[in-house]
1. Once the Cα gyration tensor of region B:68-120 is diagonalised, what are the square roots of 5 times its eigenvalues, in whole Å and ordered largest first, as equivalent ellipsoid semi-axes?
2. Rg over Rh of the protein assembly as shown, using C-alpha atoms and the Kirkwood radius, what does it come to?
3. Residue separation times 0.36 nm, minus the C-alpha to C-alpha distance between D:Lys114 and D:Ser6: what's the value?
4. Mean projection of the alpha-carbon convex hull of chain D over all orientations, in nm²?
5. Taking each label point as 7 Å beyond Cα in the direction of the beta carbon, state the distances from D:Ser15 to the same residue in the other copies, shortest first, in nm.
6. Could you give the nm distance between label points at A:Arg18 and A:Thr47, where each point is 7 Å from its Cα heading toward the beta carbon?
7. Of C:Lys137/D:Lys142; A:Lys137/D:Lys142; C:Lys137/D:Lys137, which pairs sit farther than 29 Å apart, going by alpha carbon to alpha carbon?
8. How far apart are the A:Val94 label points across copies, placing each 7 Å from Cα toward Cβ, in nm, shortest first?
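We did not get these values from a lab; they are worked out from the coordinates using the rules stated. What you see is a predicted model; the values in this text were computed from it and never measured. Note that we place each Cβ from the backbone using ideal geometry, even for glycine, and neighbour counts take in every protein chain shown.
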Number of protein chains: 4
Amino acid sequence: MNQAASAEALTLAESTARAMFSRDSAAHALGIQITEIAPGQATLTMTVRPDMLNGHRICHGGMIFLLADTTFAYACNSYNHNAVASACQIDFLVPAHEGDVLEAHAVEQTLSGKTGVYDITVRLAATREAVALFRGKSHRIKGTVIESLHDAGDAAQK
Amino acid sequence: MNQAASAEALTLAESTARAMFSRDSAAHALGIQITEIAPGQATLTMTVRPDMLNGHRICHGGMIFLLADTTFAYACNSYNHNAVASACQIDFLVPAHEGDVLEAHAVEQTLSGKTGVYDITVRLAATREAVALFRGKSHRIKGTVIESLHDAGDAAQK
Amino acid sequence: MNQAASAEALTLAESTARAMFSRDSAAHALGIQITEIAPGQATLTMTVRPDMLNGHRICHGGMIFLLADTTFAYACNSYNHNAVASACQIDFLVPAHEGDVLEAHAVEQTLSGKTGVYDITVRLAATREAVALFRGKSHRIKGTVIESLHDAGDAAQK
Amino acid sequence: MNQAASAEALTLAESTARAMFSRDSAAHALGIQITEIAPGQATLTMTVRPDMLNGHRICHGGMIFLLADTTFAYACNSYNHNAVASACQIDFLVPAHEGDVLEAHAVEQTLSGKTGVYDITVRLAATREAVALFRGKSHRIKGTVIESLHDAGDAAQK
């Protein structure tokens, strides 16, 4: 997708990401940052904090999922059409620990009609070792990201 | 599992859950509460907070995953043998909204050798409507939950 | 589903299964047999034949998948609305060998709008040991099983 | 993997595939053919036959799975270490019809210790359209493909 992306599509992807991110409470709460956006693609990072550890004192798999799922969301919403996850599958390969910087990269495998499939790889930024492989299926719903945010804003002001 | 659980196994499951919960930073950060524990089973609840919403203003799928994954963890660790998730799969059925109380219930489908499969259903507590279906595969690792916590505690004091 | 199924729904499920089975070339090629049908449920059996073995001389995982997937199809089509699989996930627990009789049982976990989720357990008939756990997501498409077969039959005669 | 594969590794992968294929009853029954083998990679083809159709007269999803799963097997066994599938996940994108030639290509996403993850894409050979996306998790077991075939041959003669 990325190679052939027009400047216009790239600008739309970036604007859409900015609009989503401004309201993405969960991403902010987790300290997730966007490092790259393109049509159908996204790269996000998150640092493993003490409050992300589980009872075994390794990073909660759910936190790794959250980073992957968020990256998936930015990739599948990059056309400014609202899309949500209908199903996700994750394989955990190696544990992550407190202080690790995790980098998640999403690529679009297929997008046809309302349905897309995206693969997200979560890596340790320091060593590039794969921590988890995530596959998400997206479903396009009504509305656009940027306009719906305006609408939601209007509604909130009433 | 539950029906045939001896009083001893039930006590062990409860003690193990208490030990895990005392150190489960992620669960505390999300306001997750344990409502029932038995060998191979667990029921946990979580209320959808504003900071759990995504850019579409519905509960982040990753937060629903976190609840399901945490419930899975309590079920598969209930024998006091350390176990971690090796793979998870989730299907999202209907969205959850701010203020919804979500209840996740885990049942053990199979446990053989080091590997188990657990099914977790996340429901809206108010209506019992299923929000998500989660299937997790567990892998037993070295150590026990209660002893490893002691060990970790000792290590931390040094 | 089954408990509350009216006699009418049960009859429809059985008629639908008969109509599907009469045209199910793959099921016949594999020697699959239907042992029970109810609304949202199905039980099918298959005996592992020499031509179902893989290069390791155990039953090809794909053959176990086929049995599970077929059982899924009979369960999700049991309302006489055409439905197809959109995604499937299978965990292989223990190998099956030549001569083993496999029994697959499908239960409906959820059905809402056009989408359903079904869990299929494949067991060794002799010992009831679980061989594989399968989860399938169905999507309702146009047409009904019994009418579409009539239509297809008409078309074939022209 | 492929780029860096030594001539020796490539030869081993090809020999291993030949040894597996000579005993792969299921592949032969389905008319599956191998078109390319490399370390961690495989490309196989299958033509949709009338006996591969389901009750809706489209190619049985289980047959598409079988092709993908077989391709997965050749990729994950390409190092001549016996490996079997522990879990598989498939998303069906578009239906395939009688006479379609399906091409499945497997790539290794990760291989660490005894566990690997492989992605297989099944396409219509004529149009390159993706029919299904498959992700398989492999588990290395005892023995080697080529030696175990010898052993099995010896055992069979007794």
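1. Details: eigenvalues 120, 29, 15 Å².
Result for region B:68-120: semi-axes of 24, 12, 9 Å.
2. On the Cα set of the protein assembly as shown, Rg over Rh gives 0.96.
3. On the way: separation 108, 0.36 × 108 = 38.88 nm, distance 2.17 nm.
Gain on stretching D:Lys114 to D:Ser6: 36.7 nm.
4. Values: hull surface 39.7 nm².
That works out to 9.9 nm², a quarter of the Cα hull's surface.
5. 5.6, 6.1, 6.3
6. 2.5
7. Numbers: C:Lys137/D:Lys142 34 Å; A:Lys137/D:Lys142 35 Å; C:Lys137/D:Lys137 20 Å.
Over 29 Å Cα-Cα: C:Lys137/D:Lys142; A:Lys137/D:Lys142.
8. Inter-copy label distances (nm, one decimal, shortest first): 3.5, 4.0, 4.3.
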